[in-house]
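Novice: Shown below is the structure under consideration.
Each value in this text was obtained by applying a stated rule to the coordinates, not by laboratory testing. Quick caveat: nothing in here was measured; it's all calculated off a predicted structure. Every residue, glycine among them, receives a Cβ derived from its backbone with ideal geometry; neighbour counts consider all protein chains shown.
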Amino acid sequence: MARPSSDKASPSRSDAEAAKERTTQLLREIRRIEIQTSRLVNQHLAGSYQSVFKGQGVAFSEVRAYTPGDDVRAIDWNVTARTGEPHVKLFTEERELTVMLVVDMSGSLDLGSRDYDKRQLVARLAATFAFSAIRNNDKVGLIGFTDTVEVFVPPRSGRKHVLAVVQQVLTHQPQSRATRVASGLEYLARLGQRHTVAILVSDFVDAVPEDSPDAARAFEHALKVVRRRHDLIPIRVEDPLELELPALGLVALEDLELLGLGGDTFLDLSPRRAKNYRARVEAERARLDQMLRKLSLDSMSIRCGDNWQQPLVNFFARRARRMRR
């Protein structure tokens with residue numbers, strides 16, 4: 001049997017070395033994220049997590065006869081109608097919560113004009129909530145979506161599980177470069193999970209398009225369905241470049257989903273067109289903000305290059321103050 005010639009063996013070694021380097025960089029990035037998020041959780045978020053989320057999960061226990069002073073909102077109308085006497089539902093606090101990370105994995109997350117791209121920012125945010133959960137003996141699951149759900153990791157606890165989730169977020173190669181946020185929410189609703197803390201992380205590109213009212217209505221309906229059962233927290237990740245494109249003239253773009261373009265193309269970024277793009281982005285962001293306010297959903301926006309930890313600290317503190325009222 002003839003041996004492979006040296007000129008054929010070299011590329012194999014080169015490919016192996018490149019793969020090894022990618023693995024090394026990935027492990028280094030995962031370790032960096034673990035250190036950053038663990039420090040944030042231990043120093044700033046540990047106590048807040050308890051007051052913000054613990055005690056919010058409830059499970060049905062039993063039905064008993066209504067007594068004066070009971071909350072009328074707890075009346076079980078089915079049992080009341082069947083027995084002819086008013087009855088109320090009793091609930092018990094769930095000692096163990098589940099945190100479901102509903103994460104955008106579409107192509108637009110590869111955009112990054114700062115030290116890291118949106119995908120790396122998403123991984124940091126997901127890791128923060130995940131490590132907060134396992135520190136309190138809660139479980140963490142993952143739903144990764146593009147225009148359909150591509151990744152599902154059942155809820156589990158433990159450090160190794162969280163690191164595996166972070167790796168999925170960082171390394172998943174999306175089968176689709178489009179985004180449909182409603183698909184991730186609809187999947188969560190179909191799971192039939194009891195009360196969870198649902199962390200929805202996305203750039204929300206085209207989530208509420210002006211030219212597609214049906215898509216906007218589907219997204220709003222999915223938000224409403226999930227909000228009724230779960231504690232839903234939307235987090236918008238952004239890159240400064242997508243908010244205001246510079247006036248560069250004629251430029252070549254490669255499969256840039258955030259502009260609604262399906263492949264390689266040229267775009268005229270004259271001052272007028274750049275201004276029109278900025279107005280379009282601002283209008284889309286305003287429509288999303290209005291929808292979230294209408295549904296009374298706590299949300300936050302975090303940009304690549306900014307301090308991503310402080311908004312989380314502020315969010316936990318704000319929620320903790322409101323829970324104490």
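Novice: Net charge near residue 313: determine it from the other residues with C-beta under 15 Å of the C-beta of residue 313, scoring Lys and Arg +1 and Asp and Glu -1.
Specialist: +3
Novice: Please list, in order along region 209-225, the HN-Hα scalar couplings obtained from phi with the Karplus expression 6.51 cos²θ - 1.76 cosθ + 1.60 (θ = phi - 60°), rounded to whole Hz, x for Gly and Pro.
Specialist: Per residue, the Karplus-derived 3J(HN,Hα) values read x, 5, 8, 9, x, 5, 5, 5, 5, 5, 5, 5, 4, 4, 4, 4, 4 Hz.
Novice: Could you let me know the centre-to-centre spacing of region 145-170 and region 286-325, using Cα atoms, in angstrom?
Specialist: Using only Cα atoms, the two centres lie 23 Å from each other.
Novice: In addition: For a test of the definition: using alpha carbon positions, the gyration tensor, and the 1.5 limit on a/c, classify region 103-199 as rounded, prolate or oblate.
Specialist: Working: a/c = 2.10, a/b = 1.21, b/c = 1.74.
Taking the square roots of the gyration eigenvalues as a ≥ b ≥ c, region 103-199 is oblate.
Novice: What shape does region 136-186 take by its C-alpha gyration tensor, where a ≥ b ≥ c are the square roots of the eigenvalues and a/c under 1.5 counts as rounded, a/b above b/c as prolate, and the rest as oblate?
Specialist: Oblate is the answer for region 136-186, as a/c is 1.5 or above yet b/c matches or exceeds a/b.
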